[in-house]
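Novice: To start, I am sharing the structure in question, which I have written as structure tokens.
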Amino acid sequence: STVRTLDPVRCEYARAVELIPIVRPQARRFLLIGCGGGAMLRVLEDEGRTFDVVDIDEAVMRTAREDFGADVEGARFVVADGRRYLRENGPWDVVLLDVVSTDSMPEHLCTLEFFRELRSRLTDGGVLFMNSIGRLKGRALNSLGATLAEVFPERLAVNAHVEAHSTNVLWFCSAEPMVLNDWARAAYRYRFLDPPGGGVLLTDDYNPINAWNAELGLEMRAGLHEALGRSVLRAR
């Protein structure tokens, strides 16, 4: 299988998906919930792989396809809620869950019930790759880690931004062991974390993850405003 090798020192969260063909080299069927700019599709594109790409916002997918090269071979784009689509389709070898906005995660896509539904739609040995935000050792990530641990006995956690104060943690979760090769262990040795845990279980009835991340979200927005200025707010 082809792996698009990218500079791990400057690795953004989307580039960590290069580990998926290492831990599951036979994966062929992928579900991507949350299209974004389609970066993960461009990394994973390879002969024989198919991608169901689901996003609730048609404009986001159109922009990704027309302006960012997301329309890769084997990709099928669907406008739908990710949880409903997952429940009614599949199975997949890999589910990529990338629904993080600047400072929040959709609550219905990070609960115990949802992760159980997701695991039921994975093939044997299938993998969940998930992007998340929160302070390291904070209540949000600890509780997300505890919730994932209830469903997936095998987990890897990767720090997406080593040199900054981390807001993105990438999860690889499976019911089966995930074996890394020498290159992956060396390239990501400063990024692997002890999987956060010890928080409360997030459920459909109780999930304050965005409330716990509210202060962090304000800091992130202020940092973006300082870095980019008001130019990003002007109409084109």
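The values are calculated or read from the model by the stated rules, or taken from the named source; none is laboratory data. As the structure is a prediction and not an experimental result, all values here were calculated from the model. Don't worry about glycine lacking a Cβ; one is built from the backbone with ideal geometry, like all the others, and counts go over all protein chains shown. Please note that ligands, DNA and RNA were not included when accessible areas were found on the heavy atoms of the full protein model with its side chains. Shrake-Rupley method; radii C 1.70, N 1.55, O 1.52, S 1.80 Å.
Novice: Any idea which residue in region 141-155 is farthest from Gly199 (Cα to Cα), counting only those that are under 15 Å from the mean Cα position of the chain (by Cα) and buried (at least 22 other Cβ atoms within 10 Å of the Cβ)? Walk me through how you get there before you give the answer.
Specialist: Just the residues of region 141-155 that are under 15 Å from the mean Cα position of the chain (by Cα), to begin with: 141, 144-145, 148, 155.
Narrowing further to those that are buried (at least 22 other Cβ atoms within 10 Å of the Cβ): 141, 144-145, 148.
On the way: Leu141: 8, Leu144: 7, Gly145: 8, Leu148: 11 Å.
Result: Leu148.
Novice: Tally time: how many residues in region 47-71 are open to solvent by less than 80 Å² (accessible area, probe 1.4 Å) and under 27 Å from Phe115 (Cβ atoms)?
Specialist: 12
Novice: Turning to a different aspect of this structure: Give me the residue from region 174-197 that is within 18 Å of the chain's Cα centre (by Cα) and hydroxyl-bearing (Ser, Thr, Tyr) and, out of that set, farthest from Ala27 (Cα to Cα).
Specialist: Tyr188
Novice: Considering only residues of region 182-217 that are assigned to a loop (DSSP other than H, G, I, E, B), open to solvent by 40 Å² or more (accessible area, probe 1.4 Å) and closer than 19 Å to Leu128 by Cα, which is modelled with the highest pLDDT? Lay out the reasoning, then the answer.
Specialist: Looking only at region 182-217, we keep the residues that are assigned to a loop (DSSP other than H, G, I, E, B), and these are 188-191, 194-208, 213.
After this cut, where a residue has to be open to solvent by 40 Å² or more (accessible area, probe 1.4 Å) as well, the list is 189-190, 194-195, 198, 200-201, 204-206.
Right, trim to closer than 19 Å to Leu128 by Cα and you get 194-195, 201.
Details: Asp194: 88, Pro195: 86, Leu201: 97.
By that ranking, first place goes to Leu201.
Novice: Further question on the same structure: Go through region 95-130 residue by residue and tally those that are outside any loop (DSSP other than H, G, I, E, B) and more than 22 Å from Pro25 (Cβ to Cβ).
Specialist: 10
Novice: Does Met40 qualify as being open to solvent by less than 60 Å² (accessible area, probe 1.4 Å), touching an Asp or Glu at 6+ places or on another chain (Cβ under 6 Å) and under 29 Å from Arg221 (Cβ atoms)?
Specialist: In short, no.
Novice: How do the pairs read when you match residues in region 13-24 that are on the phi < 0 side of the Ramachandran plot and open to solvent by 30 Å² or more (accessible area, probe 1.4 Å) with residues anywhere that are at pLDDT 90 or above and of a type in the set (Asp, Glu), using Cβ under 7 Å and keeping only pairs 6 or more apart or on different chains?
Specialist: As it stands, the answer is Arg24/Asp93, since those pairs meet every condition given.
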